[in-house]
Amino acid sequence: MHNPDLVARPPNVARGSTTGPPPPSFTVLNPADGEIIDWLPEADAEDARLAVERAAAAFADWSGLSARERSACLYRWAALLRAEQQPLAEQLSAEQGKPLAEALGEIEYSASYLQWFAEEAPRIYGDTIPAPDRSKRIMVTKQPVGVVAAITPWNFPMAMLARKAGAALAAGCTFVGKPAHETPLSALALQRLALQAGIPAGVFELVTGSDSAAIGEVLTQHPLIAKFSFTGSTRVGRLLAAQCSSTVKRVSLELGGNAPFIVFADADIEAALDGLMLAKFRNAGQTCVCANRVLVQAEIYDEFAERLRQRMMDLQVGPLIHERAAVAVRQLVADALFVGARQLWPPADHADGLGRGNRVTPTLLADVTNSMAVAQSEIFGPVVPLISFTGEAEAIRLANDTEYGLASYLYTRDSARLWRVADALQFGMVGMNDAAISNAAAPFGGMKQSGYGREGSRYGLDDYLEIKYLSMGGL
Ligand code: NAP
């Protein structure tokens, strides 16, 4: 359920006003039933420029606060999120489509990043370095980079913003965010709570609109922006990184993934199945760290497939974000079946088939090969392709045979193998007998075409800080 009072209305909007022509607006839909749950005024390039100017004007005061003062604001922000966890989760679930339990988890996950960076803000240490000359001293200080712009996706509408803004604000930067037009309400609620937490106007700005290309051009090219951070698809990330080059902005990219989930014959199969259900079906398969290819050693392939099929028989997942996304997922399944995959679930006579509208029936495919489109694409839906391998070398080769390098998972009881394979995987994150890898204490990010930069952990501040070297002579 969406409660309009939860969101900060963008400026200049007389909601429900009956005087004058209505401003251009865009609608927010509930993916579960297609109903309109709200409308918002369209921000355009000019609104984006104004937001950047407000953030630039707020920078001197915000960066001039002590680290403890900024930290206190972030602590309050986290506490406010937790205090409103239930209504915020209901709103998030309504605009994004994930089940309420997962939405509750996302609010807590968002608060955990704000809290983490509240804790990190007072620990932005510099350094002293022995100078080559006795008459000198060398010092290193860290300073906020300046105004940060960020564009975030719909699959974690609050967490992706909180993760970036928490780090940016802790470092002393001000922030302009553009949430996905499908899910602006959680972002606007986050903004309302920022103000309530005592974060001054201008420090956490938002631009909500559906013309993402026009807004994106401003956020990637405006000379007042020092750093650009993006979470979204690799295709759009490439484009935006290129746009940032004209003003040489610092860039961080959290892009798509194609996570291998490797199960060796010596694994605890029950634990691997538990992990796979979590890593595959959260958010109906719409996360960048979702298991995308399941590599199973030949000796246990049939047993694993059957036990997984049984678990999937009663599984219910929520809708995908829109019908276009569901059609693309069903197309990947159809393509795989055409080129030789076997459909283990759902059965051919299943009442819902592969799903309708924006719903996709959880689907299990056997006899998949790594060259099939379903194995090379980011599926972003509740489909499990099973690939068989014989030995460790083949598992590593298949796992790394992708342009992506975000998350990966492996299950084995052999501890030497656990370390060997983890070292060989070309992924920024490796779950070793673990499928719940994302938390505020850990550096989240990818290799290869999954992007660069890390979010969360003590490393998460680095992207928002300049290193300045001070050389003092004449001693
Ligand atoms: P997307 O199409 O790349 O969109 C992401 C964001 O970029 C949205 O805010 C979108 O705005 C905006 N955008 C799209 N085209 C743009 C353009 N030409 N200029 C400026 N902005 C533009 O990705 P998505 O389909 O929404 O999200 C799913 C993708 O995000 C997946 O690939 C997933 O793996 C990735 N993801 C990565 C991480 C990570 O941490 N690595 C986390 C979550 C998701 P509009 O929607 O308003 O057009």
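Points worth noting:
- Relative protection proxy for 99-108, 121-130, from highest mean packing down: 99-108, 121-130 (other beta-carbon atoms within 10 angstrom).
- Label-to-label distance, nm, for residues given as residue 441 and residue 245 (7 Å Cα→Cβ offset): 4.1 nm
- Amide H contacts of residue 434 (H built 1.01 Å from N, in plane; Pro and chain starts excluded): 410 sit under 5 Å, all sequence-distant by 5 or more or on other chains.
- Simple spin-label estimate for residue 415 and residue 268 gives 1.4 nm between the two label positions (7 Å along the Cα-to-Cβ direction from each Cα).
- With a cut-off of 18 Å on the backbone N, the residues of region 314-351 near the modelled label site 7 Å out from residue 394 along Cα-Cβ are 341-342.
- Residue 206 long-range amide H proximity, modeled H, under 5 Å: 177
- Along region 340-352 the Karplus relation, 6.51 cos²θ - 1.76 cosθ + 1.60 evaluated at θ = phi - 60°, assigns HN-Hα couplings of x, 6, 10, 8, 8, 7, x, x, 4, 9, 4, 4, 8 Hz to successive residues, with x for each Gly and Pro.
- Neighbours of residue 199 by Cβ distance under 15 Å: Lys/Arg scored +1, Asp/Glu scored -1, total +3.
- Linear extension gain, residue 100 paired with residue 401, 0.36 nm per residue minus alpha-carbon span: 104.8 nm
- 14 Å reach of a label modelled at residue 278, 7 Å along Cα-to-Cβ, counting backbone N of region 390-408: none
- Approximating the spin labels as points 7 Å out from Cα along Cα→Cβ, the residue 57-to-residue 314 distance works out to 5.9 nm.
- Listed peptides 379-390, 213-224 by packing density, highest first (mean Cβ within 10 Å): 379-390, 213-224
- Within the same chain, lysines fewer than 8 places from residue 136 are excluded, and of the rest, those with a Cα less than 17 Å from its Cα are 468.
- Per-residue ³J(HN,Hα) for region 188-200, Karplus 6.51 cos²θ - 1.76 cosθ + 1.60, θ = phi - 60°, Hz, x for Gly and Pro: 5, 5, 4, 5, 4, 6, 4, 5, 5, 7, x, 7, x
- Close amide H contacts of residue 466 (hydrogens built in the peptide plane, cut-off under 5 Å, sequence separation of 5 or more or a different chain): 143, 145.
- Relative packing of peptides 159-170, 183-194 - highest average C-beta neighbours within 10 Å first: 159-170, 183-194
- Residues in region 100-111 carry Karplus couplings, in order, of 4, 4, 6, 5, 4, x, 5, 5, 5, 4, 5, 4 Hz; the curve used is 6.51 cos²θ - 1.76 cosθ + 1.60 with θ = phi - 60°, and Gly or Pro positions show x.
- R0 of 45 Å, Cβ-Cβ distance residue 432-residue 46: FRET efficiency to nearest 0.05: 0.35
Every number here is computed from the coordinates shown, using simple stated rules; none is lab data. As the structure is a computational prediction, the values presented were derived from the model and not from experiment. Ideal geometry is used to build each Cβ from the backbone, glycine not excepted, and the neighbour counts take in all protein chains shown.
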